[in-house]
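Engineer: Attaching a single structure in structure tokens format; questions to follow.
The values are calculated or read from the model by the stated rules, or taken from the named source; none is laboratory data. Model, not experiment: these values are computed from the prediction. Every residue, glycine as well, gets a Cβ built from its backbone with ideal geometry; the counts of neighbours run over all protein chains shown.
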Amino acid sequence: MGADLYRNSISEPAYKKYHTEWQRLIQDRTERDEQGKRARQEECDRLWDLMYPPEGYFRDSYNSSNLLWTLGLSWWQLPIDDDGCMGDEKLKAFQDQVFNATMTLHKDTPESEQAEATKYFQEKRLKLLAFLDGAIEAGERVVFSV
């Protein structure tokens, strides 16, 4: 479970282009020995990344890797329209919130893992900001599945 954000102008054509081949590889993978499964999995992963390019798709899982939680924000409290989208001023306001929010790691993050966790969340924030920036520049609404 998680929050999935889409720019349909990018995500829909990519999904249509690669999904059938990805499904075929998934089926083929199940019929192979362990070495063959690993090789097929690498190809499945490559196609998955093509189906969901970062400029058209962003995911934030509802677990310890959740970016918005480290920023003191919630996917469920965003001003998403009735059709599950956000655009224009609301999207820019959300981008500003993400940019300006103070990052706080979970209190149970071991000290030995804090530097790595901070780097992970900083990189994830930059990916979300780039995704939002692309949508804003294109004047495109973002679909939120939260």
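Engineer: Taking the residues in region 96-110 that are of a type in the set (S, T, N, Q) and at pLDDT below 95 as candidates, determine which candidate is farthest from the chain's Cα centre (by Cα). Write out each step before concluding.
Structural biologist: Kept after step one, since they are of a type in the set (S, T, N, Q), are these residues of region 96-110: 97, 100, 102, 104, 109.
Pick out the ones that are also at pLDDT below 95 and you get 104, 109.
Numbers: T104: 20, T109: 22 Å.
Restricting to residues being of a type in the set (S, T, N, Q) and at pLDDT below 95, the top hit is T109.
Engineer: Of the residues in region 26-56, how many are at pLDDT below 85 and either among the aliphatic types (A, V, I, L, M) or within 19 Å of A135 (Cβ to Cβ) (or both)?
Structural biologist: The qualifying residues number 2.
Engineer: A further question on this structure: Under the condition of being over 12 Å from the mean Cα position of the chain (by Cα) and surrounded by 17 or more Cβ atoms within 10 Å (Cβ to Cβ), which residue from region 111-133 is nearest to D60 (Cα to Cα)?
Structural biologist: Once the filter is applied, the top-ranked residue is F121.
Engineer: In addition: Can you spot a residue in region 67-77 that is over 20 Å from E123 (Cα atoms) and at pLDDT below 95?
Structural biologist: So the first thing to find is which residues in region 67-77 are over 20 Å from E123 (Cα atoms), and the list is 76-77.
Now narrow it down to the ones that are at pLDDT below 95: 76-77.
Yes, region 67-77 has at least one match.
Engineer: Moving on to the next point. Would you please list the contacts, defined by Cβ atoms under 6 Å and residues six or more apart or on different chains, that run from a residue in region 1-23 that is under 18 Å from G139 (Cα atoms) and in contact (Cβ under 8 Å) with a residue 12 or more places away in the chain to a residue that is part of a helix (DSSP H, G or I) and not acidic (D, E)?
Structural biologist: Final answer for the pair search is R7/A135.
Engineer: Same structure, new question: Identify, by number, the condition in (1) over 18 Å from the mean Cα position of the chain (by Cα); (2) surrounded by 15 or more Cβ atoms within 10 Å (Cβ to Cβ); (3) small (G, A, S) that A93 doesn't meet.
Structural biologist: (2)
Engineer: Is region 97-119 home to any residue that is within 24 Å of M1 (Cβ to Cβ) and aromatic (F, W, Y)? Spell out the reasoning first.
Structural biologist: Restricting attention to region 97-119, the residues satisfying the condition of being within 24 Å of M1 (Cβ to Cβ) are 97-98, 101, 103-109, 113, 117.
Within this subset, residues satisfying the condition of being aromatic (F, W, Y) are none.
No: region 97-119 contains no residue that is within 24 Å of M1 (Cβ to Cβ) and aromatic (F, W, Y).
Engineer: Can you give me the number of residues within region 55-65 that are within 26 Å of H106 (Cα to Cα), under 10 Å from the mean Cα position of the chain (by Cα) and not acidic (D, E)?
Structural biologist: Going through region 55-65, the residues within 26 Å of H106 (Cα to Cα) turn out to be 57-65.
Those still in the list that are under 10 Å from the mean Cα position of the chain (by Cα) too: 57-61.
Restricting the remaining residues to those that are not acidic (D, E) gives 57-59, 61.
Counting residues in region 55-65 that are within 26 Å of H106 (Cα to Cα), under 10 Å from the mean Cα position of the chain (by Cα) and not acidic (D, E) gives 4.
Engineer: Run K107 past the list (1) assigned to a helix (DSSP H, G or I); (2) of a type in the set (K, R); (3) loosely packed, with under 15 Cβ neighbours inside 10 Å and report the number of the one that doesn't hold.
Structural biologist: Only one criterion in (1) assigned to a helix (DSSP H, G or I); (2) of a type in the set (K, R); (3) loosely packed, with under 15 Cβ neighbours inside 10 Å is unmet by K107, namely (1).
Engineer: Filter region 36-67 down to the residues that are in contact with a Leu (Cβ under 9 Å, 6 or more places away or on another chain) and touching a residue at least 40 places away in the same chain (Cβ under 8 Å), then identify the one that is farthest from A117 (Cα to Cα).
Structural biologist: Across region 36-67, the extreme among qualifying residues is Y57.
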